[in-house]
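Taking it in order: structure first as structure tokens, then the write-up.
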Amino acid sequence: MFEVTPHGVAIALGLLLAFCAGCGQRNLEEIQVASIHSFSVDSLGHVGVVGTITSGEGRIAFVDTSGKGWRCEVNLQGPGIGVDIGGYALADDPFGLFESSTMRLPSGKTLSADKLMGVYSGEHGGVQLGLGIASHELTNPSGVTIKITNSAVGAGINASLEWLSLSDCDPESTSLGSDGGP
């Protein structure tokens, strides 16, 4: 006959958790994106001389083909090659003078959410002497484009080709307000 023991219950729970890792979660490949609600960059830092490194964090909020809202936090990071004298760091612009971030789907296309992730390539330019401005215009292989314009602090000039990777999106279902938040 079958006997229930604490050891047996622990093994059963462990197996259940191992086989159900991700139960109830949606994979990015399963979510069809109808539109981008918002794309924001919370912080972006850049440093380099000939080669550059850019790193930061942001948020994407999007609507799927059934009208359901989704939101995820993302990491942005990658290298660049070009003329770069100096460097800068961006935190949230307290004055909102130069802050703008957009993400656009290719016209007339519906993509799975995983196509929003991955490597984007394009141009990066900036000028700062104390305060300044920087701009990133990038596209990924699926035709998704991102444009980031932000205030910059530091001293330098930059004109480079850049590869920026978006990663670590763990989507959560949400109702989207005007700010892209729940």
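The values are calculated or read from the model by the stated rules, or taken from the named source; none is laboratory data. Since this is a predicted model, take the numbers as computed values, not measurements. Cβ coordinates were reconstructed from backbone atoms using ideal geometry, including for glycine residues, and neighbour counts include every protein chain displayed.
What to note about this one:
- Residues in region 126-147 that are under 15 Å from GLY78 (Cα atoms) and touching a residue at least 24 places away in the same chain (Cβ under 8 Å): 4 in all.
- Pairs meeting the criteria (first residue in region 105-121 and in contact (Cβ under 8 Å) with a residue 40 or more places away in the chain and closer than 20 Å to GLU162 by Cβ, second residue outside any loop (DSSP other than H, G, I, E, B) and of a type in the set (S, T, N, Q), beta carbons under 7 Å, at least 6 apart or on different chains) are MET117/SER167; GLY118/SER165; VAL119/SER165; TYR120/THR139; SER121/THR139.
- Whenever a residue of region 162-178 is closer than 13 Å to LYS115 by Cα and modelled with pLDDT of 85 or more, its partners that are surrounded by fewer than 17 Cβ atoms within 10 Å (Cβ to Cβ) and aliphatic (A, V, I, L, M), lying with C-beta atoms within less than 9 angstrom and at least six residues away or across chains, give the pairs SER165/VAL119; LEU166/VAL119.
- Taken over region 119-167, residues that are in contact with a helix residue (DSSP H, G or I) (Cβ under 9 Å, 6 or more places away or on another chain) and either under 14 Å from MET103 (Cβ atoms) or assigned to a strand (DSSP E or B) (or both) amount to 5.
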